[in-house]
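Engineer: A single structure is presented below for examination.
Nothing in this text is a laboratory measurement; each read-out follows from the coordinates by a stated rule. Just so it is clear, the model here is predicted, and its values are computed rather than measured. Counting neighbours? That spans all protein chains shown, and the Cβs are built from the backbone with ideal geometry, glycine included.
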């Protein structure tokens, strides 16, 4: 089981660092198509910031309730990814061919490609973050009966 950390310094630094890590993760996610980064790296950073909150504050504290709720949305990233690909198919093109992405208010191909890539990266980031958090929760909930006797 994960217990909350009792150091005031660690808790204060975590309260300062977690929002900064999440903000930088969103930056890496959004601007990943122009440089290094993207959906996987942004998802790892988002998941890591939520895991840091779990390790410092404990899984039941109010800063970590989002992590408890995120685990239940495991298929959302896949649905976003497949939904963008399906919209491309509906537009008459190939799967994930963003120039055929059917978005009514977007008229140029470059904007369609930008939004298509961004949405697929968001889907990947959500799946990576949820997987990282679920791994931490599954590793922390080991039964006492599985422990070897001394």
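Engineer: If I take every Cα pair under 8 Å that is 6 or more residues apart in the chain, average their sequence separation and divide by the length, what percent do I get for the relative contact order?
Structural biologist: Relative contact order comes out at 28 percent.
Engineer: Here is a further query. Can you give me the angle between helix 39-57 and the longest principal axis of the chain, using Cα atoms only, in degrees from 0 to 90, rounded to the nearest 10?
Structural biologist: With rounding to tens, the tilt is 20 degrees.
Engineer: Normalized C-alpha radius of gyration of region 28-116, against 2.2 N^0.38 Å?
Structural biologist: Dividing the Cα radius of gyration by 2.2 N^0.38 Å gives 1.40.
Engineer: Still on this model: Taking Cα atoms, how many degrees apart are the long axis of helix 76-90 and the longest axis of the chain, rounded to 10 and kept between 0 and 90?
Structural biologist: Result, in degrees: 10.
Engineer: In Å and whole numbers, how far do the C-alpha atoms of the chain stretch along each principal axis, longest first?
Structural biologist: Projected onto its principal axes, the Cα set of the chain covers 64, 35, 25 Å.
Engineer: First measure r as the distance between the Cβ atoms of residue 110 and residue 12, then evaluate 1/(1 + (r/R0)^6) with R0 = 41 Å and state the FRET efficiency to the nearest 0.05.
Structural biologist: Calculated value: 0.35.
Engineer: In which sequence would 114, 95 go, from the one with the fewest C-beta neighbours within 10 Å to the one with the most?
Structural biologist: In order of increasing Cβ crowding within 10 Å: 95, 114.
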